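Read through the structure below, which is laid out as structure tokens, and then see the notes.
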Amino acid sequence: MDPDPRKLFIRLPFLTAIVSFAFFSCTQTTTVLNPLNDSAFTKKTDSIKQAKINSFIDPDTAGKRTLYLTFDDGPNNGTPTVINILKEEQVPATFFLIGMHEKEMPIAKTVMPILRAMPNVELCNHSYTHAYRNHFEKFYADLPGSLEDFKRCQDTVGFTNPIARTPGNNIWRTPNYNQTTFARYKPDVDNIRDSGFVFLGWDAEWRFRSLKLIQNVDQMEKEINTMYEKNENKYHNHCVLLMHDLTFLDAADSTSLHELIKRFKANPLYRFDIATNHPLVQPNPIQLAKK
């Protein structure tokens, strides 16, 4: 499960001050250029359409284990570190973005054009307010309000797909699979699903406490491998890994992410893919239904 989101989702002005200090004070460990200074990715307009993702996805799926790298709660000051690593390793990944962050986080004006231009990145919906700033019971009891929250995020960020992730809960609503963490949330999630959204949860989570990763690289690698071996994933040979951008502000934790990706890239049993290609998401709706 997600860590206690009340500890994760700090009020925005306070969060901005803390993570801004951490971002500029920590030492970057990746060898690529900082994307903020990369002339190929510094377009200053938000009108860039999401790049087509193709060349970074290995089409050979026969007998391979597919790993979906997903990052929640961006854009924030941890996002550039993740961008650096993905650019260097050239593996596909999916970002579940918060609309309020896209509008209010200072870093968003720089990283959003970068994310939209990256050919190995898919952008998906994580609600506008993250459940009214982590007021989960109120959010999931408010059927019209929670639906409008996802629609507002869709309109604000301009996603090109209907894939979404519920804040604070591992909920699935796809054409081929349903899972709800708490029965009392089911009416609300079904209502949002009926409007055209497709909810993708996760199989494994790189957990954290106080923005520090809990599992080390060896533990995370073993956990993912074990899930495949025991067929514990939601779909055979497919694993959705949940991570959070902010946890990679720390230099040691960003190195851990880089190392984990390198290990699975080097393992011939594995391939990487994006959320819309997950078998439980197919057939993928072309666009959101209007309601």
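The values are calculated or read from the model by the stated rules, or taken from the named source; none is laboratory data. All values reported here derive from a predicted model rather than from experimental measurement. Counting neighbours? That spans all protein chains shown, and the Cβs are built from the backbone with ideal geometry, glycine included.
The set of residues in region 136-155 being buried (at least 16 other Cβ atoms within 10 Å of the Cβ) and either over 24 Å from P113 (Cα atoms) or modelled with pLDDT under 95 (or both) consists of F136, F139, Y140, D142, S146, L147. Taking residues in region 160-182 that are free of Cβ contacts under 8 Å to residues at least 40 places away in the same chain, and partners anywhere that are polar (S, T, N, Q), the pairs with Cβ atoms closer than 7 Å and at least 6 places apart or on different chains are I171/Q179; I171/T180; I171/T181. Examine region 262-274 for a residue that is within 23 Å of D73 (Cβ to Cβ), of a type in the set (S, T, N, Q) and either over 16 Å from the mean Cα position of the chain (by Cα) or part of a helix (DSSP H, G or I) (or both), and state whether such a residue exists. No, region 262-274 contains no residue that is within 23 Å of D73 (Cβ to Cβ), of a type in the set (S, T, N, Q) and either over 16 Å from the mean Cα position of the chain (by Cα) or part of a helix (DSSP H, G or I) (or both).
Would you call D194 over 18 Å from L67 (Cα atoms) and of a type outside the set (A, V, I, L, M)?
yes
Of all the criteria given as (1) under 27 Å from E148 (Cα atoms); (2) buried (at least 21 other Cβ atoms within 10 Å of the Cβ); (3) acidic (D, E), the one not satisfied by D194 is (2). Mind checking whether some residue in region 147-154 is in a helix (DSSP H, G or I), over 19 Å from E205 (Cβ atoms), touching a residue at least 24 places away in the same chain (Cβ under 8 Å) and aliphatic (A, V, I, L, M)? Looking through region 147-154, at least one residue is in a helix (DSSP H, G or I), over 19 Å from E205 (Cβ atoms), touching a residue at least 24 places away in the same chain (Cβ under 8 Å) and aliphatic (A, V, I, L, M).
Return yes when Y128 is touching a Gly at 6+ places or on another chain (Cβ under 7 Å), at pLDDT 95 or above and under 19 Å from Q154 (Cα atoms) and no when it is not. It is true that Y128 is touching a Gly at 6+ places or on another chain (Cβ under 7 Å), at pLDDT 95 or above and under 19 Å from Q154 (Cα atoms).
Find the residue count for region 196-239, including only residues that are part of a helix (DSSP H, G or I), acidic (D, E) and free of Cβ contacts under 8 Å to residues at least 40 places away in the same chain. Quick ask: steps written out before the conclusion?
Start the filter on region 196-239 by keeping residues that are part of a helix (DSSP H, G or I), which leaves 217-229.
Still in the running and acidic (D, E): 218, 221, 223, 229.
Filter once more, so that each one left must be free of Cβ contacts under 8 Å to residues at least 40 places away in the same chain: 218, 223, 229.
Selection size over region 196-239: 3.
Looking at F197, F182, just one residue is within 19 Å of the chain's Cα centre (by Cα), among the hydrophobic types (A, V, I, L, M, F, W, C) and more than 30 Å from D250 (Cα to Cα), and that residue is F197.
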